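The values are calculated or read from the model by the stated rules, or taken from the named source; none is laboratory data. All figures in this text were calculated on a predicted structure; none of them were measured in a lab. Don't worry about glycine lacking a Cβ; one is built from the backbone with ideal geometry, like all the others, and counts go over all protein chains shown.
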Amino acid sequence: MLCITGNGLKTLDAISGSIADSPIVSPKVREVAALVEAAGA
Amino acid sequence: MYPTARRFPSRAEIAARAPSMWRYREWLPFEGTPTLSQDTGFTPLVDAPRLADKLGVAKLWIKNDAVSHPSLSFKDRVVASAINAAVALGLDTVGCASTGNLANAVAAQAARAGLPAWIFIPDNLEQAKVLGTAVYGPNLVRVRGHYDDVNRLCVQLADRFGWGIVNVNLRGYYGEGSKTMGFEIAEQLGWRLPTAVVVPMAGGSLLTKLHKAFGELRDAGLVSDEAPRLYGAQASGCSPITRLVESGGETIVPQVPNTIAKSIAIGNPADGVFAARAMRGTGGWSAAVSDESIIAAIRLLAETTGIFTETAGGATLAGALALAGQGRFGKDDD
């Protein structure tokens, strides 16, 4: 049993530096396709 | 505090009550029906099979007070208990010393009850916790120093102004609210106790109250299992209770906290000795973990269970992983 005592939204500063920014794309299928291919590689 | 001739409810009577912490009211320091915060408690118990595999145990459950109502931490339980006591005692103002979660809980529940609140926090708390307190409109005061400085100040303020400071002069009522997490765990497991429980430790109160709750259920004949082994988790930058467990001593050596896990950054824990005794007495232990492992554990918990916890919860999972690495858990653990 793990007792989880509080919500992560309260300590965003602790993890914000460890999570990479997500990519920004134009609304084009080909740009997403490139991301999908890279994710599968 | 409790009448000696209490009648305890049966499993069926409890099951018929509303899904809140008050379904166990006979074990709480309150007579009759509470008037405030009646919908706090009864948070989800989540099965975590992928984490169970990582820890090498048969079954792993997460007691998820990250979604506690109203302010998203287990402190809602202790405040619900204390605020009803405050009103019953005729106190017209409540307050607290807090590392963040308690501030949120007192502010939220005082606002709902229409009570003025004075809330004191260290001046370096996470912005989300500061805003998550201020939004309810209390008198919020930031104090230069660590939590222990804030707590010392609040002891003096309780005497000076006669406020109901929930974790100072209402502490006896406040602390008992934590037991409801233990009662819920037992009921949600089908009226049995887990074999081992890992608990984050700030002041040490939660761990001691879980131990008390499991014992009270056994005394009332509602469960028959052995008491669970209790394990504590702290940040290595503030681990006075862990050090006490490791040394086998009986006296806390205070520390100056230095950790990102501010909600468990209490350098002189009021219940540290009692928590250490409970861990040793049940065959448990304690682990202190690095800030880096806390962050990694927050992400691991989210990626394997869908639960997003704060740094204290990260310490809990990081502590469990460390304890598993020491061989503290086995394939029979559930």
- Query: Which one of these is buried (at least 20 other Cβ atoms within 10 Å of the Cβ) and either touching a residue at least 40 places away in the same chain (Cβ under 8 Å) or not in a helix (DSSP H, G or I) (or both): B:LEU217, B:LEU222, B:LEU206?
  - Reply: B:LEU206
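Okay, residues lined up against (1) in the same structural domain as B:ALA134 (by TED's automatic domain parsing); (2) farther than 26 Å from B:ALA128 by Cα; (3) touching a helix residue (DSSP H, G or I) at 6+ places or on another chain (Cβ under 9 Å); (4) not aromatic (Phe, Trp, Tyr):
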{"position": "B:ALA18", "(1), (2), (3), (4)": "no, yes, no, yes"}
{"position": "B:PRO29", "(1), (2), (3), (4)": "no, yes, yes, yes"}
{"position": "B:THR40", "(1), (2), (3), (4)": "no, no, yes, yes"}
{"position": "B:THR43", "(1), (2), (3), (4)": "no, no, yes, yes"}
{"position": "B:LEU51", "(1), (2), (3), (4)": "no, yes, yes, yes"}
{"position": "B:LEU55", "(1), (2), (3), (4)": "no, yes, yes, yes"}
{"position": "B:LEU60", "(1), (2), (3), (4)": "no, yes, yes, yes"}
- Message: Looking only at helices (runs of 4 or more DSSP H) that lie completely in region B:257-333, which have at least 1 residues being in the same structural domain as B:LEU230 (by TED's automatic domain parsing), more than 18 Å from B:GLU246 (Cβ to Cβ) and within 19 Å of the chain's Cα centre (by Cα)?
- Response: B:291-305, B:311-325
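Answer yes if at least one residue in region B:235-245 is within 13 Å of chain A (Cβ to nearest Cβ), touching a residue at least 24 places away in the same chain (Cβ under 8 Å), within 19 Å of the chain's Cα centre (by Cα) and crowded, with 19+ Cβ neighbours inside 10 Å, and no otherwise. Break it down into steps so the answer makes sense when it comes.
Initially, region B:235-245 is screened for residues within 13 Å of chain A (Cβ to nearest Cβ), giving B:235, B:237.
With the extra rule that they be touching a residue at least 24 places away in the same chain (Cβ under 8 Å), the set shrinks to B:235, B:237.
If we keep only those that are within 19 Å of the chain's Cα centre (by Cα) as well, we get B:235.
Next cut, crowded, with 19+ Cβ neighbours inside 10 Å only: B:235.
Yes - at least one qualifying residue is present in region B:235-245.
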- Task: Kindly state which strands (runs of 3 or more DSSP E) lie completely within region B:27-143 and contain at least 2 residues that are more than 23 Å from B:PRO9 (Cβ to Cβ) and within 14 Å of chain A (Cβ to nearest Cβ).
- Result: B:45-47, B:61-64
- Task: State yes or no: is B:GLY95 within 19 Å of the chain's Cα centre (by Cα), more than 30 Å from B:GLU31 (Cα to Cα) and in contact (Cβ under 8 Å) with a residue 60 or more places away in the chain?
- Result: no
- Tell me which of these B:TYR136 doesn't satisfy, since it passes every other one: (1) surrounded by 17 or more Cβ atoms within 10 Å (Cβ to Cβ); (2) under 20 Å from B:ASP39 (Cβ atoms); (3) out of contact with any Lys or Arg (no Cβ under 9 Å at 6 or more places or on another chain). (3)
- Message: Residue under question is B:PRO19, and the condition is that it be within 18 Å of the chain's Cα centre (by Cα), more than 13 Å from chain A (Cβ to nearest Cβ), touching a residue at least 12 places away in the same chain (Cβ under 8 Å) and surrounded by fewer than 21 Cβ atoms within 10 Å (Cβ to Cβ); does it hold?
- Response: no
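If only one of A:LEU12, A:LEU35 is within 8 Å of another protein chain (Cβ to nearest Cβ), within 15 Å of the chain's Cα centre (by Cα) and not small (Gly, Ala, Ser), which one is it?
Values: A:LEU35 fails: within 8 Å of another protein chain (Cβ to nearest Cβ).
Going through A:LEU12, A:LEU35 in turn, the sole match is A:LEU12.
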